[in-house]
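To start, the structure under review is shown below, and the notes come after it.
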Amino acid sequence: MINLSRLTIKSAREALKKNEFSAHELVETYLETIKEKDVDLFAFLEVFEDALEQADEADKKIANREDLPLLGIPMAIKDNMLIKDRRVTAGSKILENFFSPIDGTAIKKLKDAGAIIIGRTNMDEFAMGSSTENSAYGVTKNPYDPSRVAGGSSGGSAAAVAANFALAALGSDTGGSIRQPAAFCGVVGFKPTYGRVSRSGLIALGSSLDQIGPFTKTVGDTETIYNVLKGKDILDSTTIADETFPPKKKFSKTIGIPREFVNARGIDESVKKNFEEAVNKFKSLGYEVRDVELKYIKYSLAVYYIIMPAEASSNLARFDGVKYGLHKDGKTSIEDYFQTRGEGFGRETRRRIILGTYVLSSGYYDEYYGSALSLKKLITKELRDVFEEVDFILTPTTPTPAFKVGEKTKDPLSMYLADIFTVPANIAGVPSISIPSGLDGNLPLGIELTADLGREDNLFIAGKEFLGE
Ligand code: GLN
């Protein structure tokens, strides 16, 4: 029997190469675990029937001594990424019967690297949420405590890695949707620099904010997947090459803490305590830790909840019942739209479309969207300036550990507050990683390291040192 809880991509690759087990046996073990436990957790919307066939293909390549970075590695994919000939719903009823005609770039790269795609994971509808409770298909539970949420919007992917349903997973992060569920589920979650990973084939939420990234058990495994995914892509004109951001300073093992932000109201005492322990650990690893002042960072959440809905309302205009998915007949074509979108979209999606349309509407555009863009510039500049002094900004990933299922569904504002520490990195486009930092009782907590544009290399160094890899 393969011990899945200890397995990493690195150790699995070694074992596969040495024929300690086959990809077929590995996938079989995962499928058994899923069958036994996913009825309670609901991490997967679909487990692919041909997973074992994919494993057999991988075994053939292994027998031929092919050495690809993810050869034979079972991975789970958030259901907003296009995988050829598979259903893709983005957690929405409006796409319930939509099949993807293509592989998105990230998926193509995973396949080329030999990964086995084991299934598609549950998510908040169109990636709008922090708990996966906005999925049209059901709630994903936290593997550490099924009365609690797994986080969101990539809750299914985070839970799948934490529950040993896959060795790694992909998620998307517009305002924290990889890092926040990673923290809630005790795994590593990483959002690369904006433009490092192609968004082609990712169902868009906020196009200036969205990035694809991995969930893994170790920082080393995250680095492996990132190296597979990154790169310029002709299908996404915002993608950038490695050399785009030469280092502005030499790596000096310095960490900045925005004290006021970290000590703000609404942050759990257990989170603060865990954070101080993490700070001390970094100190004992030879890092210099100092306080930094970030005046504008506290406006990040307000800025995010204007820019994101504005972009979402535009992106979601394409779901009109004509081009994609669900279609409902009314008496006129306008009625068709109303009925299709009224039935196909859930509450949170409709709320954000209305918000986004409002902030973009004539007379309000400058006041809301224009102001948000100006603040975005200030937040970005301030952060980038700080990275001339320190290598990293360190904060908790989330203000609380995983909350109870149903606890915040009636109060969208309190749900939005769960993103307080994660949204600044999306606004500034900088890379950011959540690393498990221990438990509060039986619930995992995470710390978040953020670095300058293009400095994922430094995040991997510090992350590995922190976890003792
Ligand atoms: N929780 C945030 C939101 O609801 C982040 C979503 C995301 O990153 N996709 O917008």
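Given the structure, is THR216 hydroxyl-bearing (Ser, Thr, Tyr), open to solvent by 10 Å² or more (accessible area, probe 1.4 Å), more than 11 Å from the ligand (Cβ to nearest atom) and touching a helix residue (DSSP H, G or I) at 6+ places or on another chain (Cβ under 6 Å)? Lay out the reasoning, then the answer.
Details: hydroxyl-bearing (Ser, Thr, Tyr): yes; open to solvent by 10 Å² or more (accessible area, probe 1.4 Å): no; more than 11 Å from the ligand (Cβ to nearest atom): yes; touching a helix residue (DSSP H, G or I) at 6+ places or on another chain (Cβ under 6 Å): yes.
So THR216 fails the test.
A quick yes/no check of all residues on (1) open to solvent by 30 Å² or more (accessible area, probe 1.4 Å); (2) assigned to a loop (DSSP other than H, G, I, E, B); (3) closer than 21 Å to ILE83 by Cα; (4) within 16 Å of the ligand (Cβ to nearest atom):
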{"position": "PRO101", "(1), (2), (3), (4)": "yes, yes, yes, no"}
{"position": "GLY119", "(1), (2), (3), (4)": "no, no, yes, no"}
{"position": "MET123", "(1), (2), (3), (4)": "no, yes, yes, yes"}
{"position": "ASN134", "(1), (2), (3), (4)": "yes, yes, no, yes"}
{"position": "ARG148", "(1), (2), (3), (4)": "yes, no, no, no"}
{"position": "SER157", "(1), (2), (3), (4)": "no, no, yes, yes"}
{"position": "ALA160", "(1), (2), (3), (4)": "no, no, yes, no"}
{"position": "PHE165", "(1), (2), (3), (4)": "no, yes, yes, no"}
- prompt: Restricting the search to region 238-262, which residues are part of a helix (DSSP H, G or I) and among the β-branched types (Val, Ile, Thr)?
  reply: THR244, VAL262
Residue list for region 320-376, restricted to those being aliphatic (A, V, I, L, M), in contact (Cβ under 8 Å) with a residue 12 or more places away in the chain, assigned to a helix (DSSP H, G or I) and more than 16 Å from the ligand (Cβ to nearest atom): LEU360, LEU373, LEU375
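Any idea how many residues of region 186-210 are more than 15 Å from the ligand (Cβ to nearest atom) and in contact with a helix residue (DSSP H, G or I) (Cβ under 7 Å, 6 or more places away or on another chain)?
From region 186-210, those more than 15 Å from the ligand (Cβ to nearest atom) are 186-188, 193, 195-196, 198, 200-201; that's our starting set.
Then keep just the ones that are in contact with a helix residue (DSSP H, G or I) (Cβ under 7 Å, 6 or more places away or on another chain); that gives 186-188, 193, 198, 200-201.
So the count comes out to 7.
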message: Checking ASP112 against (1) open to solvent by 10 Å² or more (accessible area, probe 1.4 Å); (2) under 27 Å from GLU36 (Cα atoms), only one condition comes out false. Which one?
response: (2)
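Just for region 305-331: of the residues that are over 26 Å from the mean Cα position of the chain (by Cα) and open to solvent by 70 Å² or more (accessible area, probe 1.4 Å), which one is modelled with the lowest pLDDT? Don't jump to the end; show me each part of the working.
Looking only at region 305-331, we keep the residues that are over 26 Å from the mean Cα position of the chain (by Cα), and these are 320-323, 326-331.
Now restrict to residues that are open to solvent by 70 Å² or more (accessible area, probe 1.4 Å): 322-323, 327, 329, 331.
Working: VAL322: 88, LYS323: 83, HIS327: 93, ASP329: 92, LYS331: 95.
If we take residues in region 305-331 being over 26 Å from the mean Cα position of the chain (by Cα) and open to solvent by 70 Å² or more (accessible area, probe 1.4 Å), then LYS323 is modelled with the lowest pLDDT.
The values are calculated or read from the model by the stated rules, or taken from the named source; none is laboratory data. Note that this is a predicted model, so its numbers are computed, not measured. Here the Cβ is made from the backbone with ideal geometry for all residues, glycine too, and neighbour counts use every protein chain on show. When the accessible area is computed, the model is the full protein with side chains, heavy atoms only, and any ligands, DNA or RNA have been set aside. Shrake-Rupley method; radii C 1.70, N 1.55, O 1.52, S 1.80 Å.
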